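What follows is a short report on a single structure.
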Amino acid sequence: MPHIAVIGGGIAGLSTAYYLQKQAQAAGVGVRITLIEAGEQLGGKIRTEHTQGFTIEGGPDSFITQKPAALKLVHELGLDDQLIPTNAQNKGVFVFHGGKLQALPEGVMLIVPTHIMPFALSPLFSWPGKLRMGLDLLLPARRDDEDETLADFIRRRLGEEALDRLAEPMMAGIYNAEAEHQSIMATFPRFRAIEKEYGSLIRGMLAARKHRPAPAAANGNPPRTMFMSLRPGVSQLVDALIAATPADVRLNAPVQRILRRAHDYQIVLGPESCVCADHVVLATPAYAAADLLEGLRSDLAAALRRIRYVDTGTVSVAYRRADVGHNLKGFGLVIPRSAGRNINAVTWTSSKWEYRAPDDAVLMRVFFGGSRHPEIFALPDDELMAVVQEDLRLMMGIERPPLFSRIYRWQNASPQYDVGHVQRVDALTAACPPGIHLTGSAYRGVGLPDCIAQAEDTAQDIIAGLRPSA
Ligand SMILES: Cc1cc2nc3c(=O)[nH]c(=O)nc-3n(C[C@H](O)[C@H](O)[C@H](O)COP(=O)(O)OP(=O)(O)OC[C@H]3O[C@@H](n4cnc5c(N)ncnc54)[C@H](O)[C@@H]3O)c2cc1C
């Protein structure tokens, strides 16, 4: 029976193992699956904590629904009744500009304005800035497929102000990405496709809005919002995957290297411990995959190391509702680099989601670090909390200390899709020796749906290759 080893037990590795067994069963192929994880638990960056009536996410708190893979998996795992939408009555995002929080005008889709009046009346942008954005309707379109940075793309179509007050803060604050390096073709290829098709970003987004189906509640399920989560937290997805995946799981088992044998691979866990497998799926960060492949293919290892990572962190802060003067009507705020603050963004967690805090309390999550502020990432906890509280005081007038806080530091956690990423990943995939597979957030999308979709594709490639001999 073919043996498949999956290294890395984050969402990518776990869902690869899940789809391997599912697809093998469907194809009538027998396989043995071993899932090997360095840490003491599965889930990788997915980390839900329940304390004092609060539900705290250390990593992802939701997933986007435009990419269907996460919703599909939730459905397969029987978790539809656990899905929760974002809170419709608190919709809206703020930008800290000019020393105060200013509402992002209604109708901004992703980072593109699509409602004329709220946008025209918004104090967030200057008149020259608004006119420059409007020029998008007239400027000639780029129709080739050459890559460029997201910053260059936004500058070209919408101007510098749109970059400073909209795109850069959204990318830095929410996506842990750097607009000045970020590949448009790897992260927002849809924008370039829209430019090509409609000749204008705004025209294309308006058309997309017209054709978007209204969110509907089907079969008693909640309405589908752009982001959704699970009532007990995202870790429920990990628990359900573990329950649905009959694999031999090895925890506390950091793989040290992978060696080629005559007919399979030897996965070395320690001086006297190894696993042999016909297929090896590397679902670790790219730099970890590089270390494992060094002895096997140093050129591949070097190419993997070219995928850059940055450190990022979150602090969840809980307050008594009475201690927060601000009404927190919105999903949170982003902060332009030009505002000169120390933190990057804040999600008003208990406004955005139900079931996250007791009624008389609020929960928010502060994003810090990234390439904008490596010095803040490096601060000891007490100094970090002082910086966070000072920024929350300045932006929301919160004077009282929180009831409690939880700091999560994610070192080397956010892969950066720099210009040329798509070609680099295509080359990496092509260079993998037979039986070695790369999957996960380093390659074809960082979000949970991207990781799940890649896992399903990886499983499909492997099982399809096994069929003839089955
Ligand atoms: C703060 C934060 C917030 C985020 N928010 C969202 C969000 O709201 N929505 C969303 O869609 N995405 C979000 N993301 C992104 C998303 O969470 C990640 O991209 C995704 O979880 C990564 O999954 P993965 O399986 O590729 O990697 P990981 O979760 O990093 O898993 C890799 C695993 O490999 C293991 N490993 C490494 N080396 C070895 C070795 N040598 N041997 C064995 N095991 C090894 C690690 O221990 C780890 O468990 C967020 C990320 C962060 C950091």
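Figures for the structure shown
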| item | result |
| --- | --- |
| For the chain, with +1 on Lys and Arg beta carbons and -1 on Asp and Glu, the positive-most of 451, 328, 401 along the dipole | 328 |
| Cα-based helix-to-principal-axis angle, 11-27 vs the chain, degrees rounded to 10 | 50 |
| Nitroxide proxy distance, nm - points 7 Å out along Cα→Cβ at residue 322 and residue 160 | 5.0 |
| Cross-link pairs 100/130; 22/352; 22/67; 91/210 - those with Cα-Cα distance over 24 Å | 22/352 |
| Between helix 235-244 and the chain: long-axis angle, C-alpha atoms, 0 to 90°, nearest 10 | 20 |
| Exposed GluC sites (Glu not before Pro) absent: longest stretch of the chain, with sites in DSSP loops and at most 11 other Cβ within 10 Å deemed exposed | 273-398 |
| Theoretical FRET efficiency, 1/(1+(r/R0)^6), r = Cβ-Cβ of residue 209 and residue 266, R0 41 Å, to 0.05 | 0.15 |
| Under-5 Å amide H pairs with residue 332, H placed in peptide plane, nonlocal only | 94, 348 |
| Residues with amide H under 5 Å from that of residue 177, placed H, sequence gap 5 or more | 172 |
| Overall form of the chain per C-alpha gyration tensor (a/c, 1.5; a/b vs b/c) | prolate |
| Charge dipole (the chain, unit charges on Cβ, about Cα centre) - positive-most of 179, 65, 202 | 202 |
| Helix-only CD estimate at 222 nm, as mean residue ellipticity for the chain, using -39500 (n - 2.57) per DSSP H run (n ≥ 4) | -9500 deg cm²/dmol |
| Extension reserve of the residue 88-residue 259 stretch, reckoned as 0.36 nm per residue once the Cα distance is removed | 56.3 nm |
| Residue-by-residue Karplus 3J(HN,Hα) for segment 282-291, coefficients 6.51, -1.76, 1.60, Hz, glycine and proline x | 9, 10, 9, x, 4, 5, 6, 4, 4, 4 |
| Rounded to 10°, Cα long-axis angle of helix 189-198 versus longest principal axis of the chain | 60 |
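No value in this document is a laboratory result; all are computed from the given coordinates. Remember, it's a predicted structure, so these values are computed and weren't measured experimentally. Using ideal geometry, Cβ is built from the backbone for each residue, glycine included, and neighbour counts are taken over all protein chains shown.
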